[in-house]
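Take a look at the structure set out below.
Quick note: the coordinates plus some simple rules give every number you see, no bench work behind them. Predicted model, so just to flag it, every value in this text is computed and none were measured. Cβ: placed from backbone, ideal geometry, glycine included. Neighbour counts: every protein chain shown.
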Amino acid sequence: MSLHLVFSSTGLSACTRRRQRNDKLVLLGNGVYAHQQALDAGVEPADLYLLAADAQARGVSQAAAALAHIDYPTLVELTQQCSPIVSWND
Amino acid sequence: MSLHLVFSSTGLSACTRRRQRNDKLVLLGNGVYAHQQALDAGVEPADLYLLAADAQARGVSQAAAALAHIDYPTLVELTQQCSPIVSWND
Amino acid sequence: MKRFLFIVSRSPYGSSHALEQMEAAMVAAAFDAKVAVLFRDEGVWNVQQGQAGAAIGQKTISNVLTALPAYEIEEVYVCADSLSGRDVQTEPSLSVKPIHLSDQQALISACDVVITAQP
Amino acid sequence: MKRFLFIVSRSPYGSSHALEQMEAAMVAAAFDAKVAVLFRDEGVWNVQQGQAGAAIGQKTISNVLTALPAYEIEEVYVCADSLSGRDVQTEPSLSVKPIHLSDQQALISACDVVITAQP
Amino acid sequence: MNYALAVHGAPYASEAAEHALSFAEAVLASGQSIERVFFFHDGVYQGLAAQVPPQDKFNTNTLKRWQDLAGRGVELGICIASGIKRGIVDESEQARYELEHPTLAQGFELVGLGQLIAAINSADRYVEFPA
Amino acid sequence: MNYALAVHGAPYASEAAEHALSFAEAVLASGQSIERVFFFHDGVYQGLAAQVPPQDKFNTNTLKRWQDLAGRGVELGICIASGIKRGIVDESEQARYELEHPTLAQGFELVGLGQLIAAINSADRYVEFPA
């Protein structure tokens, strides 16, 4: 199972078209703005994570409250569970 | 009359929605790939220019042969004729 | 005195470019220039409510924007077209005006200088 | 030995990132790694015919790509989806294979390491 | 006409230098003048001293082209706020912040954002070369 | 597990440093190891010596965080090809190219692309922080 690190909204489009079903996906940086776009593209809520600090800085924590907001230790755990780890930042 | 300097294909979309009819438009750098997109967006061929060196480097001179390919002295002349000069590089 | 337009097309925090650009806008206004600001595309996220830059050790850009009126920068626009399709909740302490594409065309043409910060 | 995939999503010349990335691919291959390259989105312009980097004082990237087989990099893919809608004429001296999105999914999953260079 | 130019892109990450230099050279060749080139955002890296140009057949030495422009009287102003946080410092900033060495290339100077606005106000045209 | 990390973004132009540093600190805190952090493309500017952090209430000193990581035994390798053309040189490259001053910050070293591949081959995971 791959882990996709998504850093932007255009990166998300590039990613969702190339990910396997059930690959996990973390939104970081400007990627956190694209939480609804990720759901619309068919990513299962259970496979979708936001970096909590980045969502908080940008004021999108509340709008994305239904999703899993993670810290760095949890991100490290995800990278242990998955391979390869692919970054998307078009 | 404004002069729009367009450096990318996404920059072109942002520009064409915000330019006045008959504003001139120069494609530079990666913007030269978007010559057909510019015509499709309704830019008149007479208002559309490509920086010749950038088109040549990228191998799109031939495909864009119907348009005006300009050098830097001509670009300088265009900047004298127009104001403001707006850069687009989304 | 010239009329300046600063176009912000990038969201905040991902880079410091929007912040640096607002510093330039304030300096222009301090020089008595007539200054307008337009947020478009991903740049509209700069006016989002509830930002907290401290979470990542950065200045909160919406707080910086509240200082614009003190610099007599009253024309602060947000592209209406860019707002639609993004779930932006405008920070209530900011007085920003939605502006349609056709009015943006007129705005750009009416300015002497357009300063951007991209990509 | 690990299987590497280099994903190139940027067109050449605008920055040196695609070129630097191909240098990394060649080094990986020189280390006997199994290396594949995928050009997607604006990156597909790297394989355009008739490039002449000398016009702007740069190396011609399509010439650099012709060296890939010498490094035993045989899997060079171009995203078929990205090709459609762009008027790319593939340089005939390059042996690149169009690849569909579903096969890209499988390709990524099959690799140990994915190296990109963005934006 | 008199031009104010701005460079927002770093070397190798953008074509800002090639575009701005070729444009500036054409401005001067046409007998017109340049009030100032202002380096802003990542453009400040254009003024980093220790750049070693690639040893290929093109021998493109962008830093030298900037310095030649300075030699023809064009002022190359690096935004001091953008510059020092990124690590572009002249001798005076090096001393102020007790850094080991200055990093600003010859021909460039650190100036405030006010010098961007002043240049634009003095010039007939403002042309910006993005990242 | 053992990690190879890559940083592709410059300070202030990207969040690559904040992301990579926080990730690396969490890796070490969890008792795992980092084979090497490799700075590639514009990421090499992370190792520029003279960066002066903004004097605001956050006092974020990214360069110091990198150096603290080096102090804990993490190797910070700057791609030599990407670095010297952009102006990041150590004393040996400074001497070779007859430049005035070195510009590489303490705690970093210039290494070849082979060291990126070697780190990836030794590591269990490769994580890349883009521009």
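If Rh is defined by the Kirkwood formula over all Cα pairs and Rg also comes from Cα, what ratio Rg/Rh do you get for segment F:46-126?
Rounded to two decimals, Rg/Rh equals 1.02.
Specify whether the C-alpha gyration tensor of segment F:27-81 places it in the rounded, prolate or oblate class, a ≥ b ≥ c being the square roots of the eigenvalues: rounded for a/c under 1.5, otherwise prolate if a/b is larger than b/c and oblate if not. Don't jump to the answer; show the numbers that get you there.
Details: a/c = 2.53, a/b = 1.18, b/c = 2.14.
Since a/c reaches 1.5 but b/c is at least a/b, the shape of segment F:27-81 is classed as oblate.
Just counting partner chain Cβ atoms within 10 Å, what average do the residues of peptide E:109-120 show around their Cβ?
Other-chain Cβ atoms within 10 Å of each residue's Cβ, averaged: 4.
Which is farthest toward the positive dipole end of segment A:3-88 among A:GLY59, A:GLN20, A:GLY31, measuring Cα position about the Cα centre, with Cβ charges +1 (Lys, Arg) and -1 (Asp, Glu)?
Ranked along the dipole, the leading option is A:GLN20.
Under a Cβ-only charge scheme (Lys and Arg +1, Asp and Glu -1), can you give me the dipole magnitude of chain F about the Cα centre, in debye to the nearest 20?
The dipole of chain F has a size of about 140 debye.
Shape of the protein assembly as shown from its Cα gyration tensor (a ≥ b ≥ c, root eigenvalues): rounded if a/c is under 1.5, otherwise prolate when a/b > b/c, or oblate? Spell out each step's value before the answer.
Numbers: a/c = 1.24, a/b = 1.21, b/c = 1.03.
Rounded.
Can you put D:GLU23, E:GLU91 in order of Cβ neighbours within 10 angstrom, beginning with the fewest?
E:GLU91, D:GLU23
Would you mind checking which residues have amide H under 5 Å from D:VAL8's amide H? H placed 1.01 Å from N; only 5 or more apart, or other chain.
D:LEU38, D:PHE39, D:ARG40
May I ask for log10 I(q)/I(0) of segment B:3-88 at q = 0.18, 0.25 Å⁻¹, from a Debye sum over the Cα atoms as equal point scatterers with solvent left out?
Log-scaled intensity ratios, in q order: -0.66, -1.34.
Please list E:20-30, C:60-70, B:25-35, C:82-92 highest first by mean number of surrounding beta-carbon atoms within 10 Å per residue.
Put in order of decreasing packing, that is B:25-35, E:20-30, C:60-70, C:82-92.
Could you tell me the relative contact order of segment A:3-88? Use alpha-carbon pairs under 8 Å, at least six residues apart, and round to a whole percent. Write down the numbers at each step before the final one.
On the way: 132 pairs, mean separation 31.6, N = 86.
That works out to 37 percent.
Among DSSP beta bridges whose residues both lie in the protein assembly as shown, state the antiparallel percentage, nearest 5.
Numbers: 4 of 103 bridges.
Expressed as a percentage, antiparallel bridges in the protein assembly as shown total about 5.
Inside 10 Å of the C-beta atoms of B:70-76, what's the mean count of C-beta atoms belonging to other chains? All intermediate terms of the calculation are to be shown ahead of the outcome.
On the way: counts 0, 2, 10, 7, 1, 6, 14.
If you average over the peptide's residues, the count of other-chain Cβ atoms is 6.
Can you tell me how chain C classifies by the Cα gyration tensor, rounded, prolate or oblate, using a/c under 1.5 as the rounded cut?
Oblate.
Return the sequence-ordered ³J(HN,Hα) values of segment E:92-105 in whole Hz as given by the Karplus equation 6.51 cos²θ - 1.76 cosθ + 1.60 applied to θ = phi - 60°, using x for Gly and Pro.
5, 5, 4, 5, 4, 9, 6, 9, 6, 9, x, 10, 7, 6
Amide H of B:LYS24 versus every other amide H placed in the peptide plane: which residues, excluding those fewer than 5 positions away on the same chain, fall under 5 Å?
The answer is B:SER2, B:HIS4.
What aspartates and glutamates sit close enough to D:LYS34 to cross-link, taking a C-alpha to C-alpha distance under 20 Å and skipping anything fewer than 8 places away on the same chain?
In chain and number order, the partners are D:GLU20, D:GLU23, D:GLU72, D:GLU74, D:GLU75, D:ASP103, D:ASP112, F:ASP124, F:GLU128.
For a 21 Å ceiling on Cα separation, which of these pairs sit above it: E:LYS64/F:LYS85; E:LYS57/F:LYS85; E:LYS64/E:LYS85?
E:LYS64/E:LYS85, as the Cα separations exceed 21 Å there.
How far is E:ASP56 from itself in the other copies, in nm, if each label sits 7 Å out from Cα along the Cα-Cβ line, shortest first?
Reported distances to equivalent positions: 3.9 nm.
Quick one: F:CYS79, A:CYS82, fewest Cβ neighbours within 10 Å first, how do they rank?
Ordered by Cβ neighbours within 10 Å, fewest first: A:CYS82, F:CYS79.
Suppose every K and R has +1 on its Cβ and every D and E has -1 on its Cβ; what is the size of the dipole of segment A:3-88 about the Cα centre, in Debye to the nearest 20?
Numbers: 6 positive and 7 negative charges, 54 e Å.
So the magnitude is around 260 debye.
Over the whole of F:72-78, what's the average partner chain Cβ count within 10 Å per residue? Rounded to a whole number, please.
Mean shielding by partner chains, rounded to a whole number: 0.
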